[in-house]
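Visitor: Right, I'll just put the structure down here and ask away after.
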Amino acid sequence: MDDSELTVIIGLEIHVQLATKSKLFCSCNTDYQTAAGPNENVCPTCTAQPGTKPYDMNAYAFEQALKIALALGCDKMNDKVTMQRKHYFYPDSPSNYQRTSTPIAEGGSLAGVSITEVHIEEDPGRYDLKTGIVDYNRAGVPLLEIVTDPVITSPDHARKFLEELRAVLNYLGAARDVESGSMRADANLSIKGHNRVEVKNINSFHGVFSALTYETSRQKNMVKNGLEPVRETRHFDEDRDITLGLRKKESVDDYRYIPDPDVQPIAITKEQLKRIGDGLPELPRKKMERFRKQYGASDDEAHALCMELAMADAFERIAKKVDAKLAAGFMRGTLKKQLNFRSWDFAKVAPKEQFITELLLILSDRKVTDKVAEKILIDAMDGKAGQTTAAQYTQDAGLMGVQSTAELESIIEKALAENQKAVDDFKAGNQKALQFIAGSVMKITKGKADPAAVQELLKKRLTK
Amino acid sequence: MELLPRTLSTTAALKSGKLTASANLENKIARVEKYDGAVRAFIETYFDDARAKAKEIDARVAAGKPVGKLSGLVVAVKNVLAVKDKKLTCGSKMLENYVVPYDAAVVEKLRAEDAVIIGSLNCDEFACGSDNTKSAFFATVNPVSFFDEKGEFASAATAAGSTEKYVPGGSSGASAAAVAVGFCDLALATDTGGSIRCPAAFCGVSGFKPTYGTVSRYGMADMAMSFEQIGPVAPDAYGCALLLSVISGGDFRDATTAKTVAVPAPNSTFAQPTKKIRIGIPKEYFEGANPQVAKAVKDAIGRFATKSGCELVDISIPAVKFGIPAYYLLVYSEFASAMQKYDGLKYGAKPEANDELVPTVSKVRTANIGKECKRRIMLGTYITTKEHKDAWYTKALKARAYVRKQFDDALTNCDFILGPTMPNLPWIIGEKAADPLQSYLEDVLTVPANLCGLPAGSVPCAKIGKLPVGLQVIGRRGSDYETVSLMAQIESTLVG
């Protein structure tokens, strides 16, 4: 059986931590990542001491949840949401039940993935199996769970969806930084017509892609070999990028949901929805469309620019001073490559926007080559440029200016003289030798030459 | 057993300086030392803390500085309520040595109003019971077992040898017993299905369960969350009103009280008829009751009506018969959920062996939770499973709504409902041990108020032999002040 005949069906349950200062049902600080030690940000309520009750629900958290639901285009907003208790015994849960709401909203879609529902719940604490230590700093942090329909067709599709989801969350400022463990996912994956497997414990955006890729090929291989994947829950091992079957089931899958008697149902009003809807920013998809129209950006450029609000905003300011096409190309290519390489967000990055603008200005005036511009950018990102301006830094590094044809011709003569063997090789028919000579020309110019011009002049000179 | 000084006379004596807080406390301590060996009300006494507090109050009074509303009154607290740095046992082995790190909202308020907290009181384990025999530690005994007609304490020998030890009711049996025997001026108790009113009736004192959401439950260990309230037990309705005015009011730490305002302190309108009221007498409250009890309550209501000129209306609330099944099914479900947290891993009883998670938790629960609580956990777990939920849990919710509707309708027609608090007289300890259903049936007249969230109280109205009979007053949701005020009117009619 051919791979392409096997259709993969994936559904995701994504948990994101809402960006709030205090927990969902008490006033403890939500900062569990940099807290001084285990169980610092806890109180009788979030450790479920006998007698404690949930405080009134954190209204800000609920508002953030509504914001996200609206931004995902959920078309069915429920007018009443009930908190339920989901019972299971595990040390990370202080009360051995988790408070989880009925759906806040249903419908909606993003990147071609339809949304089943979104609801709000409490994060459990953290239990370290090896040491047996339980840390309740995280217990009660508000979570939003986004459940997709089983319509995702490949790990790559899942990645695109998550990228856009991440962008939406970034625009709204409603969720905590998604790469620092505050996003977790469970996935359902099956080969069409075969058993479904659940993969749990995926703790990053990148992990989703790895886990799904592994699981896709595992299941495809089984099916190709005439084996039926077992209907089971598997655990993602992030260190090894593989999924593992759980050795044994700890509990039966019956959480005995009951409405939490301590929490009054929450009403969602039309006025509230209108107010939140009116306050939503321009969302990534809209912005991409506008960038294509307004700035003539390509699909790739619009996508790269719009995945982070800070970058999209910076682009728009830069495009007022510099040719938009040039800026889009540079930011999507040179800059984005460096950001990805460093796993940096634009928002957190030096050099300052002013530096980039100036760099683009000298680039557009052809005062520097693309090659030099990239080098200056890397230096600046490495912190080498300090407080100097882009022009000044380039000047000081002796990289300002582009070699004229006359200058290049004399450098070429110098390079040919130094590389007689390569010249002979080229004349004997070795095309690669030309690249070698071009490289040495570029080296002499310190990148201040246009590589295409160098190639052309070299060819001319050697074939005349 | 008319030993009780009325709350008003105690507060008057304290205010005038005739009685110091310290002297009042020492009187109480003396009684505790003399009689608690027989009554067994206290789980823990806080005599040192109480003496320090009384002394501090006396110093403030002497210096002419302001003092709180409960200044110098000695209060004891049912041991399901958190008193910071003291044991919160809930009458269970599971929490036998658990020291609670915070004050319940009601305890904060007691402190703020200068009550002198004397100690914590026994109860049925996690408030599951109607007679106080289900405490994991010891059974509290109804003081009527020890005091003769003249109010004299029977000799220790008689007491020890007596086969007639009556239950004080439950689950707040020790709260009512402590008030009845004068161990404290006032007590705090909790009522999930009658746990304040039943012991108040059995011990011959006043007790009141407020409208659901009137008093913050922050710091009250859960039994069944959608039913329960903290309320006062006192020698008289005035004491209930005074304590209620202190403990009621909104608290952000209990979301069900978010919109609550405090019940006013008893003022000049208290115990005064403000208008001609209509009182409903549901026939279902009398049909199944012990005929002697039914007659005593009817007589008392008749006397009150004659004196006060209120209008009595015979009514019928057929849904009363669904009260017990709806109540218990929902209580089981909520209780099983509430008890999940007791896994021996965080606080309370410690697991013996460090086995796998499930067997470890299972063993520690098996060893430290009593029979009645286990029964409720098992049943609650069973009826909330996917398979059985619709047949039991969901149906019980519907029955609850049905009962609620009928009571609301009745209370549209009438201002109050009156009837017996308990269908029977106090029984002898051990008498109902064999069959839990027998014990559940005793709650038939008290659970409707909890199912419906209505304010309800019990006042003593008669005695049959030496055994007290309680008259129950049920008001409209939110009419707590008026309900306690009516209790006081009835009380003054019957006493005076």
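Visitor: If I take R0 = 35 Å and measure r between the Cβ atoms of B:F137 and B:V313 in this structure, what FRET efficiency does the formula 1/(1 + (r/R0)^6) give, to the nearest 0.05? Display every interim value, and only then the final one.
Guide: Details: r = 46 Å, r/R0 = 1.31.
My answer for the efficiency is 0.15.
Visitor: Another question, then. Past the 15 angstrom mark, what percentage of all C-alpha to C-alpha distances in segment B:1-74 do you count? Spell out each step's value before the answer.
Guide: Working: 1548 of 2701 pairs.
Summing the P(r) tail past 15 Å for segment B:1-74 gives 57 percent.
Visitor: For labels at B:K398 and B:D148 in the simple 7 Å Cα→Cβ model, what's the distance in nm?
Guide: Each label point is offset 7 Å from its Cα along the Cβ direction, giving 6.0 nm.
Visitor: Can you run phi through the Karplus equation (6.51, -1.76, 1.60; θ = phi - 60°) for segment B:371-385 and list ³J(HN,Hα) in whole Hz, with x for Gly and Pro?
Guide: 4, 5, 5, 4, 4, 5, 5, 4, 5, x, 5, 4, 7, 9, 5
Visitor: Still on this structure, please answer the following. For peptide A:84-94, what's the mean number of Cβ atoms from other chains within 10 Å of each residue's Cβ? Don't skip to the end; give the middle numbers.
Guide: Values: counts 0, 5, 0, 5, 1, 9, 5, 5, 0, 3, 4.
The per-residue average across the peptide is 3.
Visitor: Mind checking which of B:V233, B:A258, B:Y218 is farthest towards the positive end of segment B:187-291's charge dipole, using Cβ charges of +1 (Lys, Arg) and -1 (Asp, Glu) about the Cα centre?
Guide: Highest projection toward the positive end goes to B:A258.
Visitor: May I ask you to evaluate 6.51 cos²θ - 1.76 cosθ + 1.60, the Karplus curve with θ = phi - 60°, for each residue of segment A:125-140 and list the ³J(HN,Hα) values in order in whole Hz, giving x for glycine and proline?
Guide: Along segment A:125-140, the couplings run x, 10, 10, 8, 4, 6, 8, x, 7, 10, 10, 8, 4, 8, 4, x Hz.
Visitor: I've got another one for you. Taking neighbour counts of Cβ atoms within 10 Å as a proxy for exposure, in what order, fewest first, do A:W344, B:W427 appear? Don't skip to the end; give the middle numbers.
Guide: Numbers: A:W344 13, B:W427 20.
In order of increasing Cβ crowding within 10 Å: A:W344, B:W427.
Visitor: Please work out how many pairs of lysine residues in segment A:405-463 are eight or more positions apart (or on different chains) and have Cα atoms closer than 13 angstrom. Intermediate values should be presented prior to the final figure.
Guide: On the way: A:K414/A:K443; A:K421/A:K432; A:K427/A:K459; A:K427/A:K460; A:K432/A:K459.
Here the count comes out as 5.
Visitor: If you don't mind, another one. Post the alpha-carbon centroid distance, segment A:1-66 to segment B:27-62, in whole angstrom.
Guide: Taking the Cα centre of segment B:27-62 as reference, the centre of segment A:1-66 is 46 Å away.
Visitor: Please list, in order along segment B:12-28, the HN-Hα scalar couplings obtained from phi with the Karplus expression 6.51 cos²θ - 1.76 cosθ + 1.60 (θ = phi - 60°), rounded to whole Hz, x for Gly and Pro.
Guide: 5, 5, 5, 5, 6, x, 5, 10, 8, 4, 5, 5, 4, 5, 4, 4, 5
Visitor: Moving to a separate point now. About its Cα centre, how strong a charge dipole does the protein assembly as shown have in debye, to the nearest 20, once Lys and Arg get +1 and Asp and Glu get -1 at the Cβ?
Guide: Roughly 740 debye for the protein assembly as shown.
Visitor: Expressed as a fraction of 2.2 N^0.38 Å, the rule-of-thumb size for a compact globular protein of N residues, what is the C-alpha radius of gyration of chain A? Before the final figure, lay out each step's value.
Guide: Values: Rg = 28.1 Å, N = 464, 2.2 N^0.38 = 22.7 Å.
So the Cα radius of gyration is 1.24 times the expected 2.2 N^0.38 Å.
Visitor: Picking from A:I242, A:L172, A:L143, whose Cα lies most toward the positive end of the charge dipole for the protein assembly as shown (charges on Cβ: Lys, Arg +1; Asp, Glu -1)?
Guide: Of the options given, the answer is A:L172.
Visitor: Now a separate question. Can you give the FRET efficiency for A:T233 and A:N203, using 1/(1 + (r/R0)^6), R0 = 22 Å, r = Cβ-Cβ distance, to the nearest 0.05?
Guide: Details: r = 16 Å, r/R0 = 0.72.
After rounding, the FRET efficiency stands at 0.85.
Visitor: If we count every other residue with Cβ under 11 angstrom of A:Q294's Cβ, Lys/Arg +1 and Asp/Glu -1, where does the sum land? Working shown, then result.
Guide: Working: positive: A:K287, A:R290, A:R292, A:K293; negative: A:E289, A:E316.
Net charge in that neighbourhood comes out at +2.
Visitor: OK, next. For peptide B:247-254, what's the mean number of Cβ atoms from other chains within 10 Å of each residue's Cβ?
Guide: On the way: counts 0, 0, 0, 1, 3, 4, 11, 6.
Mean shielding count: 3.
Visitor: Under 12 Å from the 7 Å Cα→Cβ point of A:E353, by amide nitrogen: which residues of segment A:261-297?
Guide: none
Visitor: Helix A:432-445 against the longest principal axis of chain A: what's the angle in degrees, Cα atoms only, rounded to the nearest 10?
Guide: The helix A:432-445 is inclined about 90 degrees to chain A.
Visitor: Related question: In nm, to one decimal, how far is the modelled label at B:L437 from the one at A:L129, with both set 7 Å along Cα→Cβ?
Guide: With each label placed 7 Å out from Cα toward Cβ, I get 4.7 nm.
Visitor: So, counting K/R as plus one and D/E as minus one, what does the shell of residues with Cβ under 11 Å around B:T10 add up to?
Guide: Values: positive: B:R6, B:K15, B:K18, B:K28; negative: B:D185, B:D236.
Net charge around B:T10: +2.
Visitor: Once the Cα atoms of helix A:155-172 and of chain A are each reduced to a long axis, what angle between those two axes, in degrees from 0 to 90 to the nearest 10, is obtained?
Guide: Value to nearest ten degrees: 80.
Visitor: With no solvent and one equal point scatterer placed on each C-alpha of the protein assembly as shown, evaluate the Debye formula and give log10 I(q)/I(0) for q = 0.09 Å⁻¹, two decimals.
Guide: -0.98
Visitor: Right, another one. Non-local amide H neighbours of A:A175 (under 5 Å, H modeled in plane, Pro and chain starts lacking H): which ones?
Guide: Under 5 Å from the amide H of A:A175: A:A19.
Visitor: Grab the beta carbon distance between B:A258 and A:E5, set R0 = 51 Å, and tell me the FRET efficiency rounded to 0.05. Walk me through the numbers before you get to the answer.
Guide: Working: r = 59 Å, r/R0 = 1.15.
The computed FRET efficiency comes out at 0.30.
Visitor: In whole angstrom, note down how far apart the Cα centers of segment B:164-186 and segment B:426-442 are.
Guide: Spelled out, the Cα-based centre of one part sits 18 Å from the other.
Visitor: Quick one: grab Rg to one decimal and Dmax as a whole number for chain B, Cα atoms only, in Å.
Guide: 21.4, 69
Visitor: Using the charge dipole of chain B (Lys, Arg: +1 at Cβ; Asp, Glu: -1 at Cβ; taken about the Cα centre), state which of B:G169, B:T384, B:S479 has its Cα farthest towards the positive end.
Guide: The residue sitting most towards the positive pole is B:S479.
Visitor: At 20 °C and a viscosity of 1.002 mPa s, what translational diffusion coefficient does Stokes-Einstein give for segment A:342-459, taking Rh as the Kirkwood radius over Cα pairs? Give it in µm²/s as a whole number.
Guide: Working: Rh = 15.7 Å.
Estimated diffusion coefficient is 137 µm²/s.
Visitor: Starting from 0.36 nm per residue, how many nanometres of slack lie between A:K443 and A:D424 once their C-alpha separation is accounted for?
Guide: Working: separation 19, 0.36 × 19 = 6.84 nm, distance 2.06 nm.
Length gained, A:K443 through A:D424: 4.8 nm.
Visitor: Let me ask something else. So what's the angle, to the nearest 10 degrees on a 0 to 90 scale, between helix A:59-71 and the longest Cα principal axis of chain A?
Guide: The answer is roughly 60 degrees.
Visitor: Across peptide A:255-267, what mean number of C-beta atoms from other chains lies inside 10 Å of a residue's C-beta?
Guide: Numbers: counts 3, 13, 4, 10, 3, 5, 12, 9, 3, 5, 0, 0, 0.
Across A:255-267, the average partner-chain Cβ count within 10 Å equals 5.
Visitor: What does the charge count near B:A38 come to, summing +1 for each Lys or Arg and -1 for each Asp or Glu among other residues with Cβ under 15 Å from its Cβ? Numbers along the way, then the final one.
Guide: Numbers: positive: B:R31, B:K34, B:R40, B:K165; negative: B:E33, B:D36, B:D148, B:E152, B:E164.
Residues close to B:A38 contribute a combined charge of -1.
Visitor: Moving to a separate point now. What's the ranking of A:214-227, B:284-297 by average number of surrounding C-beta atoms within 10 Å, highest first? Walk me through the intermediate numbers first.
Guide: Numbers: A:214-227: 15.6, B:284-297: 17.9.
Ranked from most to least packed, the peptides come out as B:284-297, A:214-227.
Visitor: Which percent of the Cα-Cα distances in segment A:405-463 go past 19 Å? Intermediate results must be reported in sequence, preceding the final value.
Guide: Details: 287 of 1711 pairs.
Of all Cα-Cα distances in segment A:405-463, 17 percent exceed 19 Å.
Visitor: Could you give the length gained on full extension between A:D241 and A:S109, defined as 0.36 nm per residue of separation minus the Cα-Cα distance, in nm?
Guide: My answer for the length gained is 44.6 nm.
Visitor: Residue separation times 0.36 nm, minus the C-alpha to C-alpha distance between A:D31 and A:V151: what's the value?
Guide: 39.7 nm
Visitor: Continuing with this model, one more query. Over the Cα atoms of segment A:3-277, what radius of gyration and what Dmax do you get, in Å?
Guide: 18.9, 58
Visitor: Among the listed pairs A:K80/B:K346; A:K200/B:K93; B:K371/B:K395, which have their C-alpha atoms separated by more than 29 angstrom in this model? Intermediate results must be reported in sequence, preceding the final value.
Guide: On the way: A:K80/B:K346 35 Å; A:K200/B:K93 38 Å; B:K371/B:K395 26 Å.
In this structure, A:K80/B:K346; A:K200/B:K93 exceed 29 Å between Cα atoms.
Bear in mind these aren't lab numbers, they're just calculated from the coordinates by the rules spelled out. Because the structure is predicted, anything quoted here is derived from the model rather than measured. For neighbour counting, all protein chains shown are included, and Cβ atoms are generated from backbone atoms with ideal geometry for every residue, glycine included.
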